[in-house]
Amino acid sequence: MIIGTVIVELNLPGINSLKEKRRRIKSLLTRLRNKFNVSAAEVDYNDSHRRACLGVAVVSNDAQFSDRVISQVINMIETENEMFITDYQVEII
């Protein structure tokens, strides 16, 4: 069993309230789950409306597949409006 994970830190400069942040993050997480069949959640900065930290995981029997899915997840997040990736850490176990 191969587990691919990524922790993505986001800067959200156009967000002015926690309610708006939660709405946008929830929408992004739902789209990631539906498109890539991954587990995804907000894992840090829950009370900050200008920052977010997302955790995404994929389980597979092939390391290359896990790496490819994680790369596609990062690419999708990079295309989001008003969200900028400040850092990410990938781990394939």
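Listing for the model above:
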item	result
Space enclosed by the convex hull of the alpha-carbon atoms of the chain, per residue, Å³	75 Å³
Residues Glu91, Glu80, sorted so that the one with the fewest Cβ neighbours within 10 Å comes first	Glu91, Glu80
Nearest-ten-degree value, helix 18-36 long axis tilted from longest Cα axis of the chain	20 degrees
Neighbourhood charge, 12 Å Cβ-Cβ cut-off, centred on Met76 and excluding it, Lys, Arg +1 and Asp, Glu -1	+1
Selected from Gly4, Val73, Asn46, residue furthest toward positive end of dipole (the chain; charges at beta carbon)	Asn46
Highest-first arrangement of 56-63, 42-49, 5-12, 67-74, where packing means the average Cβ count within 10 Å	5-12, 67-74, 56-63, 42-49
Electrostatic dipole magnitude of the stretch 11-64 [Cβ: Lys, Arg +1; Asp, Glu -1; Cα centre; debye, to 20]	360 debye
Cβ charges +1 (Lys, Arg) and -1 (Asp, Glu), total dipole of the chain, debye	500 debye
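Here, each number is a calculation from the coordinates, and none is a lab measurement. The structure displayed is predicted, hence computed values, not measured ones. Cβ coordinates were reconstructed from backbone atoms using ideal geometry, including for glycine residues, and neighbour counts include every protein chain displayed.
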